[in-house]
Each structure stands twice: as C-alpha cells, then as structure tokens.
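Engineer: One structure, as structure tokens, below. Some questions next.
The values are calculated or read from the model by the stated rules, or taken from the named source; none is laboratory data. Since the structure is predicted, the reported quantities are computational estimates derived from the model, not experimental observations. Every residue, glycine as well, gets a Cβ built from its backbone with ideal geometry; the counts of neighbours run over all protein chains shown. Remember, those area values only see protein heavy atoms, side chains included, never the ligands or the DNA or RNA. Shrake-Rupley method; radii C 1.70, N 1.55, O 1.52, S 1.80 Å.
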Amino acid sequence: MPVAHKVVVAATPLREVIVRHLALFAGAALFVFVLSLTYGLDLSPGFF
C-alpha cells in the first residue's frame, strides 16, 4: 500500500467511511430502480 494512501486512510474517521459507503450503495440502488422504471421505454434515436 502506498504511503500516501496509508496517511489518507488513517486520517479518515470510520464513521465517514461508513457514511460514504452507505451513500454510494443508496445511489447505486436508486440508479437501478430508475433503470427498472424505464424498462421497455423506447429511447432510440428514431423515437425522437
């Protein structure tokens, strides 16, 4: 592991890391949900 990465990881509180991961997971879930809503929607160039 590079030294710079060790310094950043050591300086980042555990709570911030957990919140960041939860936010990324929630964003991914929201993205998949929106994609599921648009299933079957014709977004081809000829449609517009």
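Engineer: For Leu35 paired with Glu16, estimate the spin-label separation in nm (one decimal), with each label point 7 Å from Cα along the Cα-to-Cβ line.
Structural biologist: 3.0
Engineer: I've got another one for you. Calculate one ³J(HN,Hα) per residue across the range 19-28 by plugging θ = phi - 60° into the Karplus curve 6.51 cos²θ - 1.76 cosθ + 1.60, and present them in order as whole Hz with x for glycine and proline.
Structural biologist: With the stated coefficients, the range 19-28 comes to 5, 4, 5, 5, 5, 5, 5, 5, x, 5 Hz.
Engineer: Note down the accessible area of Leu30, probe 1.4 Å, to the nearest 10 Å².
Structural biologist: Probe radius 1.4 Å; accessible area of Leu30 about 110 Å².
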